[in-house]
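> One structure, as structure tokens, below. Some questions next.
The values are calculated or read from the model by the stated rules, or taken from the named source; none is laboratory data. None of these values were measured; they are calculated from a predicted model. All Cβ positions, even for glycine, are placed from backbone atoms using ideal geometry, and neighbour counts span all protein chains on display. Quick note on the areas: whole protein, heavy atoms, side chains included, nothing else; ligands and nucleic acids left out. Shrake-Rupley method; radii C 1.70, N 1.55, O 1.52, S 1.80 Å.
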Amino acid sequence: MTAETELKPRYIGQSMKRREDPQLITGKGNYIDDIKLAGMLHVALVRSPYAHATIKSIDASKALAHPGVVAVFTGDDMMDINPLPCAWAAGRVKNNVNTPRALAVGTVRHVGEAVAMVLADDRYIARDAADMVDVEYDPLPVVVDAKEATAPGAPQLHENAPNNIVMEWDAGDKAATDAAFASAEVTISEPIINQRLIPTPMETRGSITRYDEATGEFTVWMTSQAPHVMRLLLTAFVFGIPETKLRCISPNVGGGFGQKIFCYNDMAFTMWASRKLARPVKFVEDRAENYKASTHGRDHITDAEICGTKDGMISGLRVKTYANLGGYLSTIAPGIPTTLYGRIISGVYKIPSAYCHVTGVYTNTAMVDAYRGAGRPEASYLIERMIDRFATEIGMDPAEVRRKNFIQPEDFPYQNGLGMLPYDSGNYEPALNKALEMAGYADFRKAQAEARANGTYLGIGISSYVEVCGVAPSAWIGLAGEGWGAGLFESANVRVHLTGKVAVTTGSLPHGQGLETTFAQVVADELGVPYDDVQIQWGDTQGTPFGYGTYGSRSLTVGGTAIKKSVDKIKEKAKKLAAHMLEANEADIVFENGTAYVKGSPDKVKTIGEIALQASVAYSLPEGMEPFLDETSYYDPPNCTFPFGTHISIVEVDPDTGMVDLKRYIAVDDCGNQINPLVVEGQIHGGIVQGIAQALYERAVYNEDGQLLSGTLMDYAIPTAEMSPHIETDHTVTPSPVNPLGVKGAGEAGTIASAQCVMNAVIDALSPFGVKHMQMPASPERVWKAVHSK
């Protein structure tokens with residue numbers, strides 16, 4: 001036995017296939033719509049066809065007379081419960097908060113807002129009966145554009161929000177930034193629109209509630225990324241009941257992308273109706289409802305300015321953003337365009353002076369909240385577009401402008417001057433160099449010039465990004481700081497049964513991230529047990545320790561570290577018990593690869609299975625030791641983590657048709673240590689495709705009456721596999737000093753890097769036509785107009 005062989009990881013760092021996939025891809029998963037309870041009623045909603053209107057009357061008599069209909073309820077019936085909460089207000093400023101009720105009362109503020117619920121013996125009866133409910137509306141003026149909503153005379157949505165303003169928030173030093181611009185050799189300004197997107201998870205949302213009259217307890221099955229948080233919000237803020245009276249269960253969740261983080265009205269109205277009728281109640285939205293009434297993402301209108309010297313040094317960045325938050329505030333909406341956007345707009349660059357002002361705005365549209373990346377894609381898009389504009393203006397290669405302005409390795413931990421926590425670690429140039437080498441950058445520039453001479457327009461786009469992940473430090477994110485209404489620690493319980501098998505329960509919740517696999521890899525390596533002997537359990541507030549859930553690329557950095565801390569406690573207890581069993585001094589016990597042995601006497605050894613058995617039967621334990629190997633940890637990190645990387649894309653644009661052909665996509669990412677490179681690559685691929693979709697295809701469109709014109713999959717352009725390029729990946733490794741695993745997070749990196757990467761390439765291809773800037777998506781029509789307008 002040698003230290004070299006014993007300490008070599010067996011699972012960490014290995015590309016293992018996801019253990020959860022066989023169940024899910026063979027149709028054996030258990031999703032919300034698979035759940036059927038005895039006596040269950042089905043809900044169909046009556047939704048407003050108007051974006052803004054007063055509800056004059058609701059007549060449900062025809063629906064109630066329809067066979068199979070049990071009840072019809074309106075918002076007026078549910079006045080004994082409170083509106084849904086907004087848990088994250090923008091920090092340190094006044095927020096004019098207005099949140100939705102379970103069903104609308106008095107006024108509707110976006111198309112698709114629910115005004116009544118029909119409960120029937122099956123969903124088809126409920127749907128038919130919903131069409132029989134007669135609602136009389138008095139239409140009101142509508143505004144859908146965030147900037148226009150703040151103008152004098154714009155329609156007002158809420159009395160407590162003059163000019164429809166939710167909050168005015170800023171970050172950075174305005175005076176210093178203004179001075180930098182006043183003295184700059186070069187200044188550039190551009191309007192930047194980060195268009196509204198619809199998350200479109202494969203599975204839509206829903207809730208099922210069963211109420212127990214005998215105990216007064218609710219059980220709610222929900223499509224949630226954070227069941228413990230939902231239990232807290234629904235009990236403390238909506239129903240005013242003890243937390244012990246609600247059990248929340250997230251079964252398999254078919255994708256989330258942020259849309260399933262939040263507290264929704266169906267959770268509240270199924271609970272209320274189940275208690276009222278003493279029967280289980282089920283609601284699952286269809287795709288049209290998901291598009292109209294579940295949260296959207298992005299939707300920023302920004303005036304961006306950058307300044308610097310003619311030799312390529314950036315001296316200032318100034319940003320004014322109007323963030324459209326929809327008709328009401330969703331659960332964490334104000335925190336997205338402030339903390340997760342405004343505090344990181346300077347990206348990977350050492351910019352001496354930066355300032356960001358954000359105006360959050362109500363409009364007659366669906367609520368806007370976190371969507372994969374949540375503020376970070378908007379920030380990264382802005383700075384990377386402005387870097388390219390700056391490079392064009394001074395006639396310098398965009399790669400060199402980036403290189404000249406990178407934060408340097410010796411600058412870490414780095415404070416960016418915008419109030420963000422210090423960047424933990426980074427080395428940006430190697431990622432850029434590797435991506436340029438993979439792309440054959442110098443040779444491409446020569447080929448590009450030759451192609452243009454022959455009437456073929458190629459473009460290359462670069463995106464160097466940094467993101468903030470593991471959003472969790474409670475002292476920073478909480479009410480006194482960034483405005484979040486609680487902590488954001490994560491939890492884990494680890495038990496080693498008397499057979500040596502290991503059960504892990506976690507507050508994190510997988511919905512496509514591969515957590516059952518990566519968490520098991522960590523535990524198997526740390527305890528030295530077979531990978532197949534580790535079971536990961538999640539999703540049930542009754543059986544898991546309190547945790548804040550999965551989003552913000554935090555599962556491994558925060559949840560995984562909580563697991564490791566529990567395993568470390570198990571190992572320490574195992575060493576104590578092994579010393580007792582081997583009649584040795586505890587200081588002489590070494591725990592490696594699932595065995596505890598006496599240093600210098602490797603033949604005196606006990607396996608983790610033998611130790612677990614002894615701990616379980618408890619025949620002979622050290623004085624004061626409790627039986628069983630069972631430990632729980634709550635991990636609240638001291639800092640966030642900051643993954644980074646450089647992506648490059650190559651496109652060909654046809655100026656006659658406006659068609660963009662994405663030829664190559666190269667991604668070099670640094671997410672710290674990788675537990676499972678195959679899982680990381682899958683996350684990167686998925687994120688990149690979503691960013692490409694924003695750059696080229698996707699856009700949620702409302703007309704001036706507030707009607708969602710892109711309200712179906714026929715009208716909203718989700719990319720197909722045929723529209724997705726081959727993605728070439730590589731990585732650098734800069735471990736995070738924040739957590740003992742050295743991990744940074746990878747779930748959102750692809751989305752954060754890719755949209756601007758593609759747009760920079762498109763605009764580079766169009767540069768012979770005098771095009772310097774255009775808005776997303778780069779549809780054929782937009783590209784054609786950009787070419788021919790010049």
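> Could you please let me know if residue 40 is at pLDDT 95 or above and open to solvent by less than 60 Å² (accessible area, probe 1.4 Å)?
Considered against the rule, which asks whether it is at pLDDT 95 or above and open to solvent by less than 60 Å² (accessible area, probe 1.4 Å), residue 40 comes out as yes.
> Could you list all residues from the range 484-499 that are open to solvent by less than 10 Å² (accessible area, probe 1.4 Å) and more than 15 Å from residue 226 (Cα to Cα)?
494, 496
> Considering each residue of the range 403-428, count those that are within 27 Å of residue 355 (Cβ to Cβ) and touching a Pro at 6+ places or on another chain (Cβ under 9 Å), and give that number.
Of the residues in the range 403-428, 13 are within 27 Å of residue 355 (Cβ to Cβ) and touching a Pro at 6+ places or on another chain (Cβ under 9 Å).
> Quick one: in the range 136-153, of everything that is touching a residue at least 12 places away in the same chain (Cβ under 8 Å) and either within 17 Å of residue 368 (Cβ to Cβ) or crowded, with 19+ Cβ neighbours inside 10 Å (or both), which residue is nearest to the chain's Cα centre (by Cα)?
The qualifying residue nearest to the chain's Cα centre (by Cα) is 146.
> Still on this structure: Can you pull out every residue in the range 271-289 that is closer than 26 Å to residue 713 by Cβ and either outside any helix (DSSP H, G or I) or more than 26 Å from the chain's Cα centre (by Cα) (or both)?
282, 283, 284, 285, 286
> Considering the range 509-527 alone, what residues qualify as being at pLDDT below 95 and either open to solvent by 30 Å² or more (accessible area, probe 1.4 Å) or out of contact with any Pro (no Cβ under 9 Å at 6 or more places or on another chain) (or both)?
Hits for the range 509-527 are 510, 512, 513, 514.
> I need the full set of residues from the range 628-658 which are surrounded by 14 or more Cβ atoms within 10 Å (Cβ to Cβ) and in a loop (DSSP other than H, G, I, E, B), in order please.
628, 636, 637, 639, 640, 642, 643, 654, 655, 658
> For residue 725, indicate whether it is farther than 26 Å from residue 550 by Cβ, open to solvent by less than 30 Å² (accessible area, probe 1.4 Å) and out of contact with any His (no Cβ under 6 Å at 6 or more places or on another chain).
In short, yes.
> For the range 770-787, which positions are open to solvent by less than 20 Å² (accessible area, probe 1.4 Å) and part of a helix (DSSP H, G or I)?
Passing the criteria: 783, 786, 787.
> If you don't mind, another one. Could you figure out which of (1) open to solvent by 30 Å² or more (accessible area, probe 1.4 Å); (2) farther than 21 Å from residue 640 by Cα isn't true of residue 401?
(1)
> Looking at 772, 744 in this structure, which one is more than 24 Å from residue 729 (Cβ to Cβ), in contact (Cβ under 8 Å) with a residue 12 or more places away in the chain and of a type in the set (D, E, K, R)? Talk me through it step by step, then tell me what you get.
Numbers: 744 fails: more than 24 Å from residue 729 (Cβ to Cβ).
Residue meeting the stated conditions: 772.
> Within the range 399-436, track down each residue that is assigned to a helix (DSSP H, G or I) and aromatic (Phe, Trp, Tyr).
Across the range 399-436, the qualifying residue is only 428.
> Identify the single condition in (1) within 27 Å of residue 399 (Cβ to Cβ); (2) buried (at least 21 other Cβ atoms within 10 Å of the Cβ); (3) not acidic (Asp, Glu) that residue 471 does not satisfy, given that it satisfies every other one.
For residue 471, the failing item is (1).
Residue by residue, here is whether (1) within 22 Å of the chain's Cα centre (by Cα); (2) under 25 Å from residue 402 (Cβ atoms); (3) touching a residue at least 60 places away in the same chain (Cβ under 8 Å); (4) assigned to a strand (DSSP E or B) holds:
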position	(1), (2), (3), (4)
291	yes, no, yes, no
297	yes, no, yes, yes
304	no, yes, yes, yes
321	yes, yes, no, yes
328	yes, no, yes, no
331	yes, no, yes, no
380	yes, yes, yes, no
386	no, yes, yes, no
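> While we're here: Kindly check whether there is at least one residue in the range 299-308 that is open to solvent by 10 Å² or more (accessible area, probe 1.4 Å) and at positive phi.
Within the range 299-308, one or more residues are open to solvent by 10 Å² or more (accessible area, probe 1.4 Å) and at positive phi.
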